[in-house]
Amino acid sequence: MRNYHVRLLDIQKADDAAALMQQIGTDIHGVSLMKNKMVHYNFRVGPLPPAAANIIKQEMLSVGGEAAVTRGVINCSANDSDAILSATRKQFRKFCQKLRAQPFSLASMADKIQTSLQLQEKSTGLPFKCRGLDIDLKQRSLIMGILNVTPDSFSDGNRFLSLENALNQARKLVEEGADILDIGGESTRPGAAQVNEEEELNRVLPVIETLRRDFPQLPISIDTYKSRVAAAALNVGADIINDISAFNFDPKMAEVAAATDAYTCLMHIQGTPNAMQTDPVYSDLFAEICHYFEKSIKLASDAGVKREKLILDPGIGFGKTLEHNLLLLKHLNDFTGFNLPLLIGTSRKSFISKLTGDPVDQRLSASLATVAQALTKGANIARVHDVAATKQAVTVIDAINHIQR
Ligand code: 8Y7
């Protein structure tokens, strides 16, 4: 009686499959043919008129893939709706060829699917060039250290309000390994008081000016949704606009980004900081955030902002319940299809205490867990208060995520 080993395999990318086949001595020509069949890709597409959805279903089945459509598509009684496609890369290639011969602008859908698939398999190609930083974010993750020059931020309000205290904290964060500093002069926590522009400028400009002089290579981000504050900060040496409204609160913000060629982090927020946490509701969390990103990317391109200057952030805690935050962290990969850098800010946030019950000064371990999860699921930049500890976590997680099978 023979005893066969049966072993489950974790194959995330075609390269993982290739390595496993090489281990058993598969012919190299076979490896290159088969590796792509061992990975499945999934897309949600739409909105489709029922006739187009029927074509997609048929073509997908004809190449051996699968397409789920809305009930009622088959007899065209459904309204415009989405479809979920699942297939290997090779099946998608055949499918896309077939789509090119079809009506309903399906050729343009084929283009989008093919571009996305090409990007997915690549392990390089997310350049980030900012002051002294010139890296590929697919090779290394970045830490953005938080510096709040405010009297009322939820975890460190008032601690760094004086110029001297702010600069000391900034130097500490840089020494600990921050790749970027994010400087904010107005708290956006729920219910925080709004600050007038003069006051906000008085808080942040001296800090940015001094840091620019002391750290000529350091990328500096200005956390503001006001175009005048952003413009003044960029003028004294900031490099990145961290706009929690993704060009929505101030109609002039995109123009400032375009004129200065700055990077902009486009963060998703539902509502406004004051009201965002009163019963946030989504009919489809991921679809709504993706549509919001698409709209802000369009605002950017209409104003003349280069696409490669954009960073996306789903905005943990900004108009989200605990469940929303957890879902975003679990499936952050859904946002990698934009092929733009992803930033994530979870540090010490209150959703953590809903799970652990810990006060704000005891949320470090839990914050590190969220950073590990986010980086593993495709985040490139972690915005944090505790840089030294995060640096240790990021070093380990990056090593794990980059090791070849
Ligand atoms: C985030 C943020 C805050 C975030 C980005 C806090 C300014 C609340 N959170 N910016 N700002 N992403 N891009 O906990 O998650 O620091 S304020």
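The values are calculated or read from the model by the stated rules, or taken from the named source; none is laboratory data. Only a predicted model underlies this, so the values are computations on that prediction, with no experimental measurement involved. Virtual Cβ from ideal backbone geometry, glycine too; neighbours counted across all protein chains shown. Quick note on the areas: whole protein, heavy atoms, side chains included, nothing else; ligands and nucleic acids left out. Shrake-Rupley method; radii C 1.70, N 1.55, O 1.52, S 1.80 Å.
Looking at the chain only, what percent of DSSP beta bridges run antiparallel? Nearest 5 please.
The antiparallel proportion sits near 35 percent.
What is the Rg over Rh value, at two decimals, for region 251-373, using alpha-carbon atoms and the Kirkwood definition of Rh?
Ratio of gyration radius to Kirkwood radius for region 251-373: 1.00.
Taking only Cα atoms, what is the 0 to 90° angle, nearest 10, from helix 285-303's long axis to the longest principal axis of the chain?
Between the helix axis and the principal axis of the chain, the angle is about 70 degrees.
What percent do you get for the relative contact order of region 272-405 when only Cα pairs under 8 Å and 6+ apart count?
Numbers: 145 pairs, mean separation 29.0, N = 134.
Here the relative contact order equals 22 percent.
Tell me, what % of the accessible area of the chain is carbon and sulfur with a 1.4 angstrom probe?
Here it works out to 52 percent.
How large is the accessible surface per residue of the chain, computed with a 1.4 Å probe and reported in Å² as a whole number?
That works out to 49 Å² per residue.
Note the angle between two axes, namely the Cα long axis of helix 14-23 and the longest principal axis of the Cα atoms of the chain, as a number of degrees from 0 to 90, rounded to the nearest 10.
With both axes taken from Cα atoms, the answer is about 60 degrees.
At q = 0.28, 0.31, 0.32 Å⁻¹, what log₁₀ I(q)/I(0) does a Debye calculation on the Cα points of region 163-214 give, no solvent, two decimals?
Scattering profile of region 163-214, log10 relative to I(0): -1.12, -1.21, -1.24.
Holding the Cα-Cα limit at 26 Å, pick out from LYS37/LYS122; LYS90/LYS112; LYS98/LYS377; LYS172/LYS349; LYS37/LYS57; LYS94/LYS306 the pairs that are longer than that.
Violating the 26 Å limit, Cα to Cα: LYS98/LYS377; LYS94/LYS306.
In whole percent, what relative contact order does region 161-298 give with Cα contacts below 8 Å and a gap of six or more residues?
21
Among ALA369, SER283, PHE318, which residue has its Cα furthest toward the positive end of the charge dipole of region 272-405, with +1 on Lys/Arg Cβ and -1 on Asp/Glu Cβ?
It is ALA369, whose Cα lies furthest towards the positive end.
In a Debye calculation with equal point scatterers on the alpha-carbon sites of the chain and no solvent, what is log10 I(q)/I(0) at q = 0.12 Å⁻¹?
-1.02
Students sometimes get this wrong: rank ARG100, ARG140 by accessible area, probe 1.4 Å, all chains present, largest first.
ARG100, ARG140
Note down the relative contact order for the chain as a percent, whole number, built from C-alpha pairs under 8 angstrom at least six residues apart. Intermediate values should be presented prior to the final figure.
Working: 704 pairs, mean separation 48.9, N = 405.
Relative contact order of the chain: 12 percent.
Measure nothing but the geometry: give the 0 to 90° angle between the long axis through the Cα atoms of 50-62 and the longest principal axis through the Cα atoms of the chain, rounded to 10°.
Its long axis makes an angle of about 60 degrees.
Test of understanding: express the Cα radius of gyration of region 9-113 as a ratio to 2.2 N^0.38 Å, with N the residue count. Before the final figure, lay out the partial values.
On the way: Rg = 16.2 Å, N = 105, 2.2 N^0.38 = 12.9 Å.
Normalised by 2.2 N^0.38 Å, the Cα Rg of region 9-113 equals 1.26.
Hey, in the GNM for the chain with a 10 angstrom Cα cutoff, which one of TYR41, TYR263, TYR292 fluctuates hardest?
TYR41
For region 230-276 and region 38-112, compute the distance between their C-alpha centroids and round to whole Å.
37
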